[in-house]
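Below you'll find the structure, written out as structure tokens, and then a few comments.
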Protein chains: 2
Amino acid sequence: MAPQNISLKPIGHVNSPYKQKFVVPRQANLVSAGLGSIELNQDYADINSLRGMEQFSHLWIIFFLHATAEKGWSPTVQPPRLGGKKRVGVFSSRAPYRPNPIGISAVEYIEHYESSGRVLIKVGGLDLLDGTPVLDLKPYIPYADSIPNASGGYAEEKPPSKLVVVFSRKAEEELIANKVNYPNLKELIVQLLTLDPRPAWRVKSQDNKQYGVTLYDFNIKFRIEGKQTTVISIRAE
Amino acid sequence: MAPQNISLKPIGHVNSPYKQKFVVPRQANLVSAGLGSIELNQDYADINSLRGMEQFSHLWIIFFLHATAEKGWSPTVQPPRLGGKKRVGVFSSRAPYRPNPIGISAVEYIEHYESSGRVLIKVGGLDLLDGTPVLDLKPYIPYADSIPNASGGYAEEKPPSKLVVVFSRKAEEELIANKVNYPNLKELIVQLLTLDPRPAWRVKSQDNKQYGVTLYDFNIKFRIEGKQTTVISIRAE
């Protein structure tokens, strides 16, 4: 069979607190506080297309890895789980640099609704960058998709919590000031930073660098020393 | 964000015993005897791209629903699980008639190898038509993909075995004659037919029709009476 080009058009996009790749969790459900939504694009904004979704606890997002799509792919990659040093095949990894940059994420379904002509689905445990183009949505079907006795090779275990997260006095005040509009901001920061989002080579160098990252519309500054990360400030951008 | 077209090229295709949509199991892993392979297309036939896959027990096939892609989609569909009478949203179903006709299947990994320049992965529990274009392969990662407490709505339970499968004397002889080359043919036929592959409206009509279906290169004829299906003949085509 001759390989032919297949042309697809996004049906929607992701609204996510994650504005930069740096802090995006490496798989779905690692950060339960990662709340966001899928918004159907205008051509597909029909609430009927989601009828019955409320029967399911989880759904699959099939998405386009837009932030890295231009960078091409290579037959082997170095997964962060192997310390960024050992090579495995691209198809034996979930690395974004793939021949067809498509990702799949099983996320928690919360609710779906229509609001001034927009059709949205609230989800939890998100691991996607803000603006990610969505190609398809499917219900998570436990009898087919959940294989509890599957073996996961080098990604068998959930990545452990590596860091204790503490907040400076200033950061605590900023959390309180924004609690009404962003009630889960503290939990989200804790869950994200405890996983240590730094690239593998950085972790080894025991750096003293101040990091900055954007979550929602906040610029979060933090520093990692040993096994502790201190959130220095949380500023509205 | 303006929706843009995304162009993809298959990386491989499926070699499957299922030559017609009629008998293809409705999800992966319903029919463990559904053995087949994924073959990487010439441009992607690099065995290194699969290095480490043997660490995993299952893998995801992301594929193009080529047999139904031309037929378009509709916002609601009538899943066979609901007797083909109740409508749910297309995104709340795994129906093939989707805006972007992409499917995902978690199948059992058996082995991968290179043979005269071809790169193949043997898999089990397949639910894909022969020749299905493959867009991507990913390892199944239990901590992210397996959600044992997920609820599956109208597709909560595995479809039950509905029919007892018996073989005519002639069919038994044909199985014996082909046992060396097709050792799992009997098991495959039993597993497929016990699920009752007929469309929902047919099941209700208690038909007496003789069905024919192609598996591998055999034409299988069978008849369903009440709760029993009789395999009449198994002929090499």
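The simple Förster model, with R0 at 51 Å and r as the Cβ-Cβ distance, assigns A:Tyr113 and A:Lys209 a FRET efficiency of 0.75. With both residues required to sit in the protein assembly as shown, DSSP beta bridges show an antiparallel share near 90%. Measuring spread by the Cα atoms of chain A yields a radius of gyration and Dmax of 19.0, 64 Å. The interface between chain A and chain B buries about 7100 Å² of solvent-accessible area in total (1.4 Å probe, ligands and nucleic acids excluded).
What's the local net charge at B:Tyr18, with K and R +1, D and E -1, over the other residues with C-beta under 13 Å away? Residues near B:Tyr18 contribute 0 overall. The value of relative contact order for region B:12-154, using C-alpha pairs under 8 Å at least six residues apart, is 40 percent.
Close amide H pairs (under 5 Å, H built 1.01 Å from N) link B:Gly84 with no residue at least 5 positions away or on another chain.
Taking only protein heavy atoms into account and a 1.4 Å probe, give the accessible area per residue of region B:1-55 in Å².
Averaged over the residues of region B:1-55, the accessible area is 42 Å².
I'd like to know how region A:116-221 sits against the 2.2 N^0.38 Å rule of thumb: what's its Cα Rg over that expected value? Provide the component values of the computation, followed by the final result.
On the way: Rg = 18.0 Å, N = 106, 2.2 N^0.38 = 12.9 Å.
Dividing the Cα Rg of region A:116-221 by 2.2 N^0.38 Å gives 1.39.
Give, as a single signed number, the net charge of other residues whose beta carbon lies under 12 Å from the beta carbon of B:Ile224, with Lys and Arg counted +1 and Asp and Glu -1. Kindly include the intermediate steps, with their values, before the conclusion.
On the way: positive: B:Lys162, B:Arg198, B:Arg202, B:Lys209, B:Lys221, B:Arg223, B:Lys227; negative: B:Asp196, B:Asp207, B:Glu225.
Charge balance in the 12 Å sphere: +4.
The relative contact order of region A:160-236 comes to 40 percent, based on Cα pairs under 8 Å that sit 6 or more residues apart. Can you list the residues of region B:160-199 with backbone N under 16 Å from a point 7 Å past the Cα of B:Thr68, pointing along Cα to Cβ? From region B:160-199, the list is B:197-199. Round to a whole angstrom and tell me the spacing of the C-alpha centers of region B:160-189 and region A:156-199. Value for the Cα centre distance between the two parts: 59 Å. Each residue of region A:64-75 was assigned a 3J(HN,Hα) from its phi angle through the Karplus expression (A = 6.51, B = -1.76, C = 1.60, θ = phi - 60°), giving 9, 7, 5, 6, 10, 4, 6, 7, x, 8, 9, x Hz with x at Gly and Pro. Once the convex hull of all Cα atoms in region A:7-131 is built, its volume per residue stands at 123 Å³.
Just the Kirkwood number for region A:1-62, please: inverse of mean 1/r across all distinct Cα pairs, in Å, one decimal.
Evaluated on region A:1-62, it is 14.6 Å.
Other residues whose C-beta falls under 12 angstrom from the C-beta of A:Pro96 contribute a net charge of +3, scoring Lys and Arg +1 and Asp and Glu -1.
Extending 7 Å from Cα along the Cβ direction at B:Asn149 and again at B:Ala45 yields two label points whose distance is 4.8 nm.
Remark: the A:Asn184-A:Glu157 segment gains 7.1 nm on full extension, using 0.36 nm per residue and subtracting the alpha carbon distance. With the Kirkwood sum run over all distinct C-alpha pairs, the protein assembly as shown has a hydrodynamic radius of 24.0 Å. Per the Cα gyration tensor, region B:160-236 maps to an equivalent ellipsoid with semi-axes of 22, 12, 11 Å, ordered largest to smallest.
The values are calculated or read from the model by the stated rules, or taken from the named source; none is laboratory data. Bear in mind that the values here come from a model prediction, so they are computed numbers and not experimental data. Heads up, the Cβs are rebuilt from the backbone with ideal geometry, glycines too, and the neighbour counts pull from every protein chain shown. Calculation scope for accessible area: heavy atoms of the full protein, side chains included, ligands and nucleic acids excluded. Shrake-Rupley method; radii C 1.70, N 1.55, O 1.52, S 1.80 Å.
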